[in-house]
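One structure is given below, encoded as structure tokens.
The values are calculated or read from the model by the stated rules, or taken from the named source; none is laboratory data. Computed from a predicted structure; not experimentally measured. All Cβ positions, even for glycine, are placed from backbone atoms using ideal geometry, and neighbour counts span all protein chains on display. The protein model used for the area step is the full one, side chains on, heavy atoms only, and it has no ligands, DNA or RNA in it. Shrake-Rupley method; radii C 1.70, N 1.55, O 1.52, S 1.80 Å.
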Amino acid sequence: MISQNNPLKINLNWLGALSASLLVSLSTIALAGGPPPQEKPTAQPATTEPATAQPATTQPNATPAAPQTTPQTTPQTMAPARFPLPSARVEPSEGVVTIKLVNTTNAVISYQVVGDTQPRTLGEQSEIQLKGLKTPVTITYQREDGGLLMVRPQATATPGFLQVSFSATTDLSVDTKSMNVQAEGGVFLN
């Protein structure tokens, strides 16, 4: 005997297939970063004046001027580009600076003047002066124990002299790995 299809069984199969398809679609959208952004239509001001006809031009081969439109801008495109401000400024003396590194941590710090010295170490609670560095100059540094560093560059009253203090921190947002002194004296931490 041939059994007839059960309508409830067919509907459950259809419902299962539909659910699986919906789950796949939703997970695809979620993995893709969500649905595409919807732009809100901008309201155009209503005009109460009737349109007037343009007078005909009498110049031969004259083409009507194209209507001028003003581009619609969003607040996101109106923001000016932001550049980081220098952490300090030093006045180079004939293009040369002296940098005093001061380690106030209880950890050894490895540092290197890029293109000038091999990697060196600065002992815990110690300091060193790096003389005659031509600007621009970049110094890389890191704690040998992998801890975080807060770096504070500070110009002094002596032209061409910069003091840089290293202290321990737990704030990841202030940890840096290099310092760049530009030719005009701006000091930037990266």
Compute the length gained on full extension between LYS100 and GLU184: take 0.36 nm times their separation in residues and subtract their Cα-Cα distance, giving the result in nm to one decimal. 28.4 nm
What accessible surface, in Å², does a 1.4 Å probe find on VAL108, ignoring ligands, DNA and RNA and rounding to the nearest 10? 50
Region 81-133: GluC sites (Glu not before Pro) falling in loop per DSSP and having at most 10 other Cβ within 10 Å: GLU94
Tell me the label-point distance for the pair GLU91, ALA157, using the 7 Å Cα-to-Cβ offset, in nm and rounded to one decimal. 1.3
So what's the net charge close to ASP116: Lys and Arg +1, Asp and Glu -1, counting the other residues with Cβ under 15 Å from its Cβ? +3
Among residues other than THR138 whose Cβ falls under 14 Å from its Cβ, what is the net charge (Lys/Arg +1, Asp/Glu -1)? +1
Simple spin-label estimate for GLN112/PHE83, 7 Å along Cα→Cβ, in nm, reads 2.9
